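Colleague: Got a structure here, written out as structure tokens. Questions coming.
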Amino acid sequence: MFTRAVLLALMLFVFCGCAGITLGQKSKGGDLFENPDDLEYRISLLESGAAEEDTLCLLGIHRKIPNFELLDTEATQMLVYGRSQAQGRLKDLEEFRNKMARLKTYNLPYEKITRKMAIEWNHYILYSSGYQLRLILIFEDGKLWQAKMLGKVNVDEEEKVYVADLLRKGFDRAIQEIPVQTVRYLFRTLPDSNSGSNNSVP
């Protein structure tokens, strides 16, 4: 059995010809800010050392909004120091651990991606446009330490997919999904090459 993706592609090629199709839109955090410029402006209003609650209130963020998450220490370290490893004397390492323990980092995705598809005779092209950002808030001892916007302000990507590759992947997956019992049954029903009407000569 072919996958649903393969069947969908075939139907689109049969019924839609070369027409362009809008596949849909993916959005996160769209109710909080008008656009990336609005988010950047809100960040510019924040003051270093402001209380956590005051910072969230100014941004219009409450803790139960979807996708608003608290990052772990490892993710916080990656945001602050990158991939560099902590080195030095035992005292320095202890101070580094204490510093990381005092930090609390929030992550809020803010994205709006529109996906479209253009169909050609032997392939289709997937277009993605919009923005894909995230707001990072780092607090130290309950006071704002860093606030920044990460990601892509202008997403403009395309991916070309050939029908032959899609069919091949679907066929490979279909083969993998054949139950083991079916394969065993097929092998049991094959004629035995050692059997037959071989007459031995005395």
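Colleague: Could you please rank 39, 56, 93, placing first whichever residue has the fewest other Cβ atoms within 10 Å of its Cβ?
Modeller: Details: 39 22, 56 19, 93 12.
Sorted ascending by nearby Cβ count, the order is 93, 56, 39.
Colleague: OK, next. Counting other beta carbons within 10 Å of each Cβ, put 145, 121 in order, fewest first. Don't skip to the end; give the middle numbers.
Modeller: Details: 145 16, 121 8.
Arranged by neighbour count, lowest to highest, 145, 121 become 121, 145.
Colleague: How would you rank 62, 123, going from fewest to most other Cβ atoms within 10 Å of each one's own Cβ?
Modeller: Working: 62 10, 123 16.
Ranking 62, 123 by Cβ neighbours within 10 Å, fewest first, gives 62, 123.
Colleague: Which value in nm describes the separation of the simple spin-label points at residue 45 and residue 58, placed 7 Å from the Cα toward the beta carbon?
Modeller: Output for this residue pair reads 0.9 nm.
Colleague: Would you work out if the range 88-150 is rounded, prolate or oblate? Take a ≥ b ≥ c from the square roots of the eigenvalues of the alpha-carbon gyration tensor; rounded if a/c is under 1.5, else prolate when a/b is larger than b/c, oblate otherwise.
Modeller: Numbers: a/c = 6.99, a/b = 2.83, b/c = 2.47.
Because a/c hits 1.5 or more and a/b exceeds b/c, the range 88-150 counts as prolate.
Colleague: Also, quick follow-up: Can you tell me which lysines have their Cα less than 25 Å from the Cα of residue 160? Leave out same-chain residues fewer than eight positions away.
Modeller: Result set, ordered by chain and number: 26, 112, 116, 152, 169.
Colleague: Which net charge results when you count Lys and Arg as +1 and Asp and Glu as -1 among the other residues whose beta-carbon is under 12 Å from that of residue 141? Present the calculation step by step, with values, prior to reporting the outcome.
Modeller: On the way: positive: 99, 102, 104, 143; negative: 52, 140.
So the environment of residue 141 carries a net charge of +2.
Colleague: So which lysines pass the test for residue 99, namely a Cα distance under 26 Å, with those fewer than 8 places away in the same chain ruled out?
Modeller: Within the straight-line cut-off, residue 99 pairs with 91, 143, 148.
Colleague: Kindly state, to the nearest 0.05, the FRET efficiency for residue 114 paired with residue 94, given R0 = 41 Å and r defined as their beta-carbon distance. List each step's numbers first, then the result.
Modeller: Numbers: r = 50 Å, r/R0 = 1.21.
Calculated transfer efficiency: 0.25.
Bear in mind these aren't lab numbers, they're just calculated from the coordinates by the rules spelled out. These numbers were taken from a predicted model, which means no experiment stands behind them. Reconstructed Cβ throughout: ideal geometry from the backbone, glycine too, with neighbour counts over all protein chains shown.
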